[in-house]
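Enquirer: The structure under discussion is supplied below as structure tokens; questions concerning it will follow.
Throughout, read-outs are computed from the coordinates displayed, never taken from laboratory work. Since the structure is predicted, the reported quantities are computational estimates derived from the model, not experimental observations. Every residue, glycine as well, gets a Cβ built from its backbone with ideal geometry; the counts of neighbours run over all protein chains shown.
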């Protein structure tokens, strides 16, 4: 029996809640998010959805490439070459959502974000995968690969590299199958979970 192709569509502003819910489910066992919003935290699912809906809203508001797979079985949030940095105005605009999501861990979350951004390569210009996640009940069905191909195929045609950070070791093989290689392993704030920085040259 063959598996039906995964349909990937470009998202719009009305999709932000569905994207937030899909990514919250996908990242429910992510080591960095478990460190920032530990399992057992009151209203943890709601807080995770608040954060990822905020990210989707911010990216969609600025017409950045955001994609959904199937009936919100997964989502990917990208920045086009040369546009990866999050403007201070956006950080301020989404601060209430970040506060609601991270609570007492907000400072740790912000410091981790600054650490990651300080290591982000400035040149050459590249596609940046901010977040990619597949709902737990949709994993292993090619959803992640379909979401990656939506941008990487264009990157290859245009001869443009791509970059991401992964905080879940389980996902490294998926990215490596699509041409990414690990360039560095870091510890969040020097003592937290491992984050892998990955780069992909166009093929």
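Enquirer: Please report the projected area of segment 73-193's Cα convex hull averaged over all directions, in nm².
Expert: Values: hull surface 34.1 nm².
Taking a quarter of the hull surface, the average projection is 8.5 nm².
Enquirer: Can you tell me the relative contact order of segment 112-203? Whole percent, Cα pairs under 8 Å, sequence separation 6 or more.
Expert: On the way: 108 pairs, mean separation 27.4, N = 92.
It comes to 30 percent, rounded to a whole number.
Enquirer: Taking Cα pairs under 8 Å and at least six residues apart, what relative contact order does segment 10-200 come out at, in percent?
Expert: 23
Enquirer: Roughly speaking, what is the stretch gain from residue 17 to residue 123, that is 0.36 nm per residue apart minus the C-alpha to C-alpha distance, in nm to one decimal? Display every interim value, and only then the final one.
Expert: Details: separation 106, 0.36 × 106 = 38.16 nm, distance 3.32 nm.
Difference between extended and current length: 34.8 nm.
Enquirer: What is the pair-distance distribution P(r) of segment 1-49, computed from all Cα-Cα distances in 10 Å bins starting at 0, with each bin given as a whole percent?
Expert: Going from the shortest bin to the longest, the percentages are 22, 38, 25, 13, 1.
Enquirer: I need the semi-axes of the equivalent ellipsoid of the chain: take the C-alpha gyration tensor, multiply each eigenvalue by 5, square-root it, list largest first in whole angstrom.
Expert: Values: eigenvalues 114, 82, 61 Å².
Result for the chain: semi-axes of 24, 20, 17 Å.
Enquirer: Quote the FRET efficiency, to the nearest 0.05, computed for residue 172 versus residue 89 with a Förster distance R0 of 30 Å and r equal to the Cβ-Cβ distance.
Expert: Given R0 = 30 Å and the Cβ-Cβ separation, E is 0.35.
Enquirer: If we sort 174-182, 28-36 on the protection proxy, mean other Cβ atoms within 10 Å, highest first, what's the order? Before the final figure, lay out the partial values.
Expert: Values: 174-182: 15.9, 28-36: 18.4.
Packing proxy ranking, top to bottom: 28-36, 174-182.
Enquirer: A follow-up question, please. How far apart, in nanometres, would the label points at residue 29 and residue 181 be if each is projected 7 angstrom from Cα along the Cα-to-Cβ direction?
Expert: 3.1
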